[in-house]
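Colleague: Can you read through this structure? Questions will come right after.
The values are calculated or read from the model by the stated rules, or taken from the named source; none is laboratory data. What you see is a predicted model; the values in this text were computed from it and never measured. Here the Cβ is made from the backbone with ideal geometry for all residues, glycine too, and neighbour counts use every protein chain on show.
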Amino acid sequence: MAIGVKVLPRPERQVSYVRAALKGMVLTFKHMLQPKVTMQYPEEKSTADERGQYAISPRWRGTHRMLADEQGRTKCVACGLCPQICPANCIKLVPGEDEEGNRYPLIYEIDEFRCVFCGYCQEVCPEEAIHVGVHYENAEYSRDRFVYDLERLSSQVHPVSSLWDPADPRGE
Amino acid sequence: MSAEYKGFLLLSVLKMIVVFTVVLIGVALLTLMERKVSAWMQNRRGPNRVGWAGLLQPAADGLKNIIKEETFPASANPVIFTLAPVMAFIPALLLSAVIPWAAPLPVHFDVRLPLLGPVSYHGMLSMAVADLPVGFLFVLAVSSLGVYGIALAGWSSNNKYSLLGGLRSSAQMVSYEVAMGMSLIPVLLITGNVGFAEIVTAQQNGLWFVLPLFLSCFIFLVAGFAETNRLPFDLPEAESELVAGYHTEYSAMKFSMFPISEYANMATVSAMVVTLFFGGWDLPGPWSPAPGALRTLLTGGMMFAKVMFFLFLFMWIRWTLPRFRYDQLMALGWKVMLPLAILYVMLIAVALWGLEHWAGIGNPKVRMGALFGLNLIVGYGVFFVLDRGLILAGSYRARPPTAPAPLSTPRTG
């Protein structure tokens with residue numbers, strides 16, 4: 001047998017229905033006394049903290065976040081790799097250049113409705129600027145609120161996916 | 001109109017208001033209890049958002065059901081379609097009138113009320129709305145009326161699934177009605193009376209009937225499950241086969257009537273089991289205080305606790321056992337429960353006659369103790385010998401294991 005199939009032993013003799021029913025009732029009663037597994041959602045939430053009862057995996061890929069460097073400037077250098085690799089074509093990037101020749105994004109927008117959360121943008125980013133976040137509560141009142149602009153992406157504070165270790169960018 | 005008659009009427013109206021209010025609110029809360037118990041048995045929490053611990057959930061459900069749209073199938077029979085939920089509901093509610101809910105209360109008053117004039121009452125006030133001398137015969141008669149509501153609901157919907165549900169329900173209820181009636185004859189044999197009050201008294205003098213008439217109690221309980229269409233006998237509903245059975249086409253409050261009547265029926269059957277086999281409102285001997293308000297209160301609490309246990313049992317079994325197949329249900333009813341009940345009637349009759357005439361035992365406690373001993377033997381025989389695929393397995397027939405068909409069977413035609 002190639003696949004492990006669990007074969008339950010069938011009773012060889014007929015079992016008493018009433019006593020089998022009582023046995024089942026004992027089982028269900030035991031379940032009444034067991035701890036409840038329901039998460040009380042708005043009060044209890046899944047967190048990225050792995051020690052919590054309801055932990056989100058650190059590999060979870062949620063809505064994006066743009067990181068900033070020590071001076072508070074966005075890390076993005078508008079290299080154009082993320083719109084290039086994005087399979088859903090949901091990143092809009094218009095590069096700009098300041099007087100010293102540093103490139104920065106004039107417009108950086110991600111349409112979260114179109115995004116497929118593959119995480120390629122985070123993987124491809126040479127500056128570790130754009131990240132997919134460990135975050136899942138995204139409700140909004142209108143559709144256009146789902147196009148996250150640069151300001152919105154930078155103001156997110158949730159933890160980011162550790163699927164690609166920054167210390168080991170090539171996954172070696 | 002005499003003062004005594006007015007007093008009797010006044011108290012009866014009071015009892016009616018109290019009993020029906022308690023039953024209706026209790027039925028609403030039962031829906032919550034069912035959801036809670038089912039949740040706990042599945043390691044969930046159940047409704048806990050509306051009100052404290054979800055206590056207002058039935059009110060929210062009721063409100064929702066009232067403001068929902070009433071759908072009406074174009075080809076349904078309008079009169080019967082509207083009438084059927086009511087016909088299911090009324091018998092269920094009616095039955096709570098004849099159950100004695102507590103010990104009789106000695107009432108003595110002689111007052112003059114505005115509008116009514118002189119009103120007086122002297123004597124023991126029965127805690128049943130109507131202390132009928134026909135007792136459980138009335139219950140059997142009225143509870144079988146409930147089948148009309150379900151069968152007609154199924155028929156008038158003009159929907160094949162509903163019709164099947166209605167047909168199943170009528171067949172099932174008629175079948176188990178017989179076993180139910182037969183299982184009550186031993187009670188009648190012991191007490192010599194069908195009135196609930198007398199049956200409770202007989203149990204106070206002797207033992208609770210569950211001991212001397214264990215098999216009767218078992219058959220009655222099983223038949224009660226079938227009568228109330230609860231799992232494992234919810235064939236009329238059978239949501240996995242018949243959509244929702246007889247109430248497929250119903251919506252809003254008309255639909256809500258069916259669950260309400262089901263829960264009211266459950267409460268009635270529980271109260272019946274308690275009254276007939278578990279001593280009714282009887283507090284076990286030494287703890288029972290002298291007749292008075294305290295005794296009525298305590299016995300009422302005792303009755304409530306016992307009924308709650310059986311309601312819990314209903315839910316417990318519902319969330320434990322799977323549904324019977326239709327032929328198994330019928331086989332169990334006609335080939336197992338009915339013969340068992342008839343044999344048990346004969347056995348108890350012979351035993352009672354023997355105890356009285358051969359052994360000459362008059363003391364009811366000793367007589368019932370002897371019957372209890374007999375029941376131990378019979379119970380062992382039924383649950384350990386017969387119930388091993390010989391009788392209680394429904395339509396199952398042990399077949400010799402057949403070899404699987406050879407794979408290379410030449411096809412013909």
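Colleague: Can you find a residue that is part of a helix (DSSP H, G or I), within 14 Å of chain A (Cβ to nearest Cβ) and not hydrophobic (A, V, I, L, M, F, W, C) anywhere in the stretch B:49-58?
Modeller: Yes, the stretch B:49-58 has at least one match.
Colleague: So which residues in the stretch B:157-191 are closer than 23 Å to B:Tyr250 by Cβ, surrounded by 24 or more Cβ atoms within 10 Å (Cβ to Cβ) and among the small types (Gly, Ala, Ser)?
Modeller: Correct list: B:Ser157, B:Ser162, B:Gly165, B:Gly166, B:Ser169.
Colleague: Right, next: So which of B:Pro78, B:Pro118, B:Pro106, B:Pro114 is surrounded by fewer than 20 Cβ atoms within 10 Å (Cβ to Cβ), in contact with a Gly (Cβ under 8 Å, 6 or more places away or on another chain) and either within 30 Å of B:Gly292 (Cβ to Cβ) or modelled with pLDDT under 85 (or both)?
Modeller: So the residue among B:Pro78, B:Pro118, B:Pro106, B:Pro114 that is surrounded by fewer than 20 Cβ atoms within 10 Å (Cβ to Cβ), in contact with a Gly (Cβ under 8 Å, 6 or more places away or on another chain) and either within 30 Å of B:Gly292 (Cβ to Cβ) or modelled with pLDDT under 85 (or both) is B:Pro106.
Colleague: List, please: which pairs have Cβ atoms under 6 Å, are six or more places apart or on different chains, and start with a residue in the stretch B:29-40 that is at negative phi and crowded, with 21+ Cβ neighbours inside 10 Å and end with one that is polar (S, T, N, Q) and modelled with pLDDT under 90?
Modeller: B:Leu32/B:Gln57
Colleague: Which condition number does A:Ala88 fail, the rest of (1) over 20 Å from A:Ala68 (Cβ atoms); (2) loosely packed, with under 13 Cβ neighbours inside 10 Å being met?
Modeller: (2)
Colleague: Within 14 Å of another protein chain (Cβ to nearest Cβ) and modelled with pLDDT of 85 or more: is that true of B:Asn65 in this structure?
Modeller: So B:Asn65 does not fit the description; no.
Colleague: Taking helices (runs of 4 or more DSSP H) that do not extend beyond the stretch B:135-253, which have at least 1 residues that are within 22 Å of B:Thr71 (Cα to Cα) and touching a residue at least 60 places away in the same chain (Cβ under 8 Å)?
Modeller: Fully inside the stretch B:135-253 and qualifying: B:146-156, B:160-191.
Colleague: Report whether or not A:Thr28 is of a type in the set (S, T, N, Q), surrounded by 14 or more Cβ atoms within 10 Å (Cβ to Cβ) and touching a Pro at 6+ places or on another chain (Cβ under 9 Å).
Modeller: no
Colleague: Can you name the helices (runs of 4 or more DSSP H) wholly within the stretch B:282-379 that have at least 3 residues being free of Cβ contacts under 8 Å to residues at least 12 places away in the same chain?
Modeller: Per the criteria, B:293-318, B:338-357.
Residues are listed down the side, and each one gets a yes or a no for (1) more than 14 Å from every other protein chain (Cβ to nearest Cβ); (2) crowded, with 19+ Cβ neighbours inside 10 Å; (3) within 17 Å of B:Val222 (Cα to Cα); (4) modelled with pLDDT under 85:
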{"residue": "B:Ala305", "(1), (2), (3), (4)": "yes, no, no, no"}
{"residue": "B:Thr320", "(1), (2), (3), (4)": "no, yes, yes, no"}
{"residue": "B:Leu338", "(1), (2), (3), (4)": "yes, yes, yes, no"}
{"residue": "B:Met346", "(1), (2), (3), (4)": "yes, no, no, no"}
{"residue": "B:His357", "(1), (2), (3), (4)": "yes, no, no, yes"}
{"residue": "B:Val366", "(1), (2), (3), (4)": "yes, no, no, yes"}
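Colleague: Further, regarding this structure: Are there any pairs with C-beta distances below 6 angstrom linking a residue in the stretch B:116-127 that is of a type in the set (Gly, Ala, Ser) to a residue that is modelled with pLDDT of 75 or more, with the two at least 6 apart or on different chains, and if so which?
Modeller: Pairs that qualify, where the first residue is of a type in the set (Gly, Ala, Ser) and the partner is modelled with pLDDT of 75 or more, are B:Ser120/B:Ala3; B:Ser120/B:Glu4; B:Ser120/B:Gly7; B:Ser120/B:Asp110; B:Ser126/B:Pro104.
Colleague: Being hydroxyl-bearing (Ser, Thr, Tyr) and closer than 21 Å to B:Ser270 by Cβ is the requirement here; does B:Ser126 meet it?
Modeller: Spelling it out, B:Ser126 is indeed hydroxyl-bearing (Ser, Thr, Tyr) and closer than 21 Å to B:Ser270 by Cβ.
Colleague: Report yes if B:Thr275 is over 28 Å from B:Leu215 (Cα atoms) and crowded, with 20+ Cβ neighbours inside 10 Å, otherwise no.
Modeller: So B:Thr275 does not fit the description; no.
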